[in-house]
Every structure is written in structure tokens, then in C-alpha cells.
Amino acid sequence: MRRGRRETRSFRSHVERTWNLLVITVLMTASLLTVVQTSAAAATEQQDVVTNYTGPGIDQPAGITVGPDGALWFGAATNSIGRITTAGVVTNYTVPSIQTPFDITTGPDGALWFTANQNNSIERITTAGVVTTYTDPSIDVPEGITTGPDGALWFTNANNDSIGRITTAGVVTNYTSPGISQPAGITVGPDGALWFANSGNNSIGRITTAGVVTNFTGSRIFFPYDITTGPDGALWFTNIANDSIGRITAAGVVSNYRDPSINQPEGITVGPDGALWFADTNTASIGRITTAGVVTNYTGTGIGAPTSITTGPDGALWFTNSGEPGSIGRITDLPPPDITSSNNASVTVGSSLAFIVTTSGTPKASVSEKGPLPVGVKFVNRHDGTAKISGKPKRSGAGVYDVTITATFGTGKKKVAVSQAFTLTVYLPG
């Protein structure tokens, strides 16, 4: 899913802002002036994993999606729509009606459709740069947008708590319900309905193409922001307020996944590897979570305040860095380490424990542990891709200890890590 921002944050760019202007063309379409700027964006690369593109046409970018022409299309704070090829060539389109573009998607008609947040409009732009504006009294601070199974575009109205539908001919329908509150991200579910994140009442909503609304609540849903359909047939969403990734089945069963590396996740999408990838804004990182809940975190130069993310036609993940001046990032999947040992162990008070944590992958991972261990037991990273949990627990240490074990490649500017929940049980003798 491709997302924008409700607010803009200042962030220092990791790369020098350089730009080589190739072409500046002025096109007149109807009564609107469209300025098209094409450039080769300046690119920096981090260990063949993260590539970062900067330039005047990339200014605090918002939502991002793959267009029908095989390029990536995104909104920019300069009130423009940008296009970047997988080779890094940027084109920028501006017209007066493009005001704070928020989310963008490819429509069933082969054009790009996006929400203009401050203009209270739904916009359409062809791959040639021709823009059409659609307004209606019911369109009020539109945010998320997606193509529905009925061939129309469905979008969220954050300010009037409603779900909108617009045909490719521009006919608008508006749906309200007590369960809709500040809706943000929206996507098509595996059941053919539209699912959306209600950030105002901590719930996940579902609306059929006939307009029937169902609302799902629970303690594991806390300021949901973006949502996408996962490869397992469930809906996956980001929880901004409790720093977690949520999962909800079509029947409404909710699961919640936490990890120390998750901090204000925003955009989420399905990656080419069958995992869910998300933009972790506060940690300036890109996260990855498998359908089994295993979390990997990518940090480094080129990732700064990411907000939206999508899978590109080249099999890489493309994301927007919304800080000032902003950039477009591309990340390839560096295989993370894997924790190959068991996720639990047990010992009796007074007996010796010698559990070895093992990992796989190249280079050898550094292994760490977070959480309390019983008195008399210690954790030691052996710096060879393994770690040892050993010692003799004392009688006062009987009980169950839930900790997190993390295997990490690299440090500082480039780090790839995977975490595993580990349970140590200490029994009393007899």
C-alpha cells in the first residue's frame, strides 16, 4: 500500500542534493498549465542494498505506486506528481489543482488516481501528464485510495468520517456509518470487500461494494494507519500508537506483532518474497515481517523518515523518505540471518544449563538477548554466529522467562537483524 503523511516532519537528508536537468517542457492542456521536468536523479548506494534518489522533483514525497508504464509514481510536497523510472530518471508534473497529494494508485482505466488532501478532490493523471480534477461536497480531506473489485476507485475521507467511491467517469458516491472514524489506508480484501484503517476509533472497517459497513475493534488495534492484503489471505495493518504490526482475518480475528525495532510504522505492502514490508518512520528504517511474525529491520544511509512503500516492477521495494528535502529509496532484499536453534529451553533449579543459540547466513551474525534471565544464568555472544545461555539457576529463580534473541548482520549505517521470542522455564526439583 502507498501512503502519505498527515503532517510533514523536518529531517536532515543523508545524501547531497544534486540534480542534472535534462529537459524542461511546458505543456498546455485545457485551461491548466502543466510543467514537466525530467531529470536524472542523483543516486547514492549503500552496500548494494539501498539506493537513494534525490533532486528538485523529489520534495518530501508522499504516496508511491507502480504505474501502468512500469515506472514508480508518487506525490510531492511541491504540489506535484512525480514519476521515476527504475533507472532513476525523474519527471515532475504540476498543475494548480494538485494540492498536497496524499495517496496514489493505478486505476482500471490505465491512468493514475490520487487524493489531493488540501484541495478536497480526487485527481486523475494520465501517463502523458494530463490531469483531471473531480470535486464533490462529500470529498473532505481524502487520504487513502485504491481500485475496487467493481472497477471504481474507493477512497477514505478523514475529515467527515466516510468512505467515497468514484467511477472512472467521475460519478461520486459517499458512504457514512457510526463505525467510520478518520479512515486512512484502504485496500481490497480477499473477500471482495474494501477494508480500511479507522485511526479515529482504533478499529478496522469493512465495506462491501453495496455499502454495507462492518467494524472490528479490539485492544490490539491502536491508531491503525495503513492496510494491505497479505499472501496468507489475511489483512495486515500498521499500528502507529502501539508500535506494532496487526493482522486480521476476514472473520475478524486479530493478531498483533511487536518488536523493539518497530517504532511508528506507517505504509505497508506485500514484498516479492511473500513477506510484508513496512516503513518505520521513527527509527528511519524499513521493516519486514513474515506471515509467521518474524521481524527483520533494515537501517542505513538512504533511509530517513520513510512513510510509504510499494513493490516495484524490478522486484525491489521502493519507498518515500518524507523528511526535508526528501528522497525516493530503493531496497533490495539482503537475506537476513536466521535463528536455527529452538525457541525454548528448560532447566531444573541447581542443575547446569548449557543452551547454544545457533544462526545461519553470511556473514556470521552477532547474537544478543533482551529481557530478564534467572539469577545464576548468563547470556554470552560468542562472535561466531552463536551464543550460549548457561549457568545454574538458584531456587529463587524458578519460573518462566520470556526474552528476545536477536541475530544481526553489520552495525551502524548498515544493519540487518532478525528477532525470535525465546522462553526459558526453570523448574523446582521434584
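The values are calculated or read from the model by the stated rules, or taken from the named source; none is laboratory data. A quick note: this is a predicted structure, and the numbers were derived from the prediction, not measured. Glycine gets a Cβ as well: all are built from the backbone with ideal geometry, and neighbour counts include every protein chain shown. Just so you know, the surface numbers come from the protein's heavy atoms only, side chains and all, with ligands and any DNA or RNA stripped out. Shrake-Rupley method; radii C 1.70, N 1.55, O 1.52, S 1.80 Å.
Numbers below:
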item	result
Per DSSP, loop trypsin sites (Lys or Arg not before Pro) in the range 374-408 with at most 16 further Cβ within 10 Å	Arg382, Lys394
Residues of the chain: accessible area per residue with a 1.4 Å probe, Å²	38
Sulfur and carbon atoms: percent of accessible area, the chain [1.4 Å]	50
Rounded to whole Hz, the Karplus (6.51, -1.76, 1.60) HN-Hα couplings of the range 207-214, x for glycine and proline	10, 7, 5, 8, x, 7, 9, 10
Derived scalar couplings ³J(HN,Hα) [the range 55-72; Karplus, 6.51 cos²θ - 1.76 cosθ + 1.60; whole Hz; x for Gly, Pro]	x, x, x, 10, 10, 6, x, 10, x, 9, 8, 8, x, x, 9, x, 9, 9
Label zone at Thr86, where the point sits 7 Å out along the Cα-to-Cβ direction: the range 53-69 residues whose backbone N lies under 14 Å	66-69
Cα-based Rg of the range 366-430 normalised by 2.2 N^0.38 Å, two decimals	1.29
Where Cα atoms sit under 22 Å apart: lysine pairs in the chain separated by 8 or more or lying on different chains	15
Cα Rg over Rh - the range 169-275, Kirkwood	0.97
Calculated Kirkwood radius over Cα pairs in Å (choose from (1) 22.6; (2) 30.8; (3) 25.7), label	(1)
Sparse-neighbourhood loop sites, chymotrypsin sites (Phe, Trp or Tyr not before Pro) in the range 69-175 - DSSP loop, at most 11 other Cβ within 10 angstrom	none
Pairwise centroid distance, computed over Cα atoms, of the range 96-161 with the range 182-258, Å	21
Distance histogram for the range 274-430 (every C-alpha pair counted, 5 angstrom bins, percent rounded to whole numbers)	2, 9, 16, 17, 15, 12, 10, 8, 5, 4, 2, 1, 0, 0
Karplus-derived 3J(HN,Hα), 6.51/-1.76/1.60, for each residue of the range 223-236, Hz, glycine and proline x	6, x, 10, 10, 8, 8, 8, x, x, 8, x, 9, 9, 10
